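Since the structure comes first, as structure tokens, the remarks are kept for the end.
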Ligand SMILES: [Zn+2]
């Protein structure tokens, strides 16, 4: 669960309107880590998230991705591209003193904004990079300090 300024960022599928439950996904035994996608209402209810305390970020769930034919063919090519974007993001963040989203996008100009954003979201979810929001409302990217497990569950309840 991405929490920035007490606002929960919930990835929602553009096609079926289900949201990704990172909490349940990460509690699954590893090796069987299938993402859990649930209805927004049940998600908000389950984690007692107030109506004004969340934002939706748009993505596709694996089922719809498959259904729509995204990511279906040429998995090797796609993985290579993904890896390339990841390496680039890490090197840009690592070499900048302060890196916001605009800086990142402008230094990765051979990739599209969508590609970068999607990969950035993936990376912040698995903890490869950290995403924070500055006082001016800019998203700042960094390489994460080690996060204690009890800090990662602010809203876990
Ligand atoms: Zn979907």
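The values are calculated or read from the model by the stated rules, or taken from the named source; none is laboratory data. Note that the coordinates shown come from a computational prediction; the quantities given were computed from them, not determined experimentally. Quick reminder, even Gly has a Cβ in these numbers, built from the backbone with ideal geometry, and neighbours come from all protein chains shown.
For this structure, a couple of remarks:
- Qualifying residue in the range 23-33 (condition: at pLDDT 70 or above, surrounded by 14 or more Cβ atoms within 10 Å (Cβ to Cβ) and away from the ligand (no atom under 11 Å from the Cβ)): yes
- On the stretch given as the range 4-21, residues that are near the ligand (Cβ under 9 Å from one of its atoms) and in a loop (DSSP other than H, G, I, E, B) total 4.
- Residue in the range 119-126 that is in a helix (DSSP H, G or I) and either touching a strand residue (DSSP E or B) at 6+ places or on another chain (Cβ under 6 Å) or not assigned by TED's automatic domain parsing to the domain that holds residue 83 (or both) present: yes
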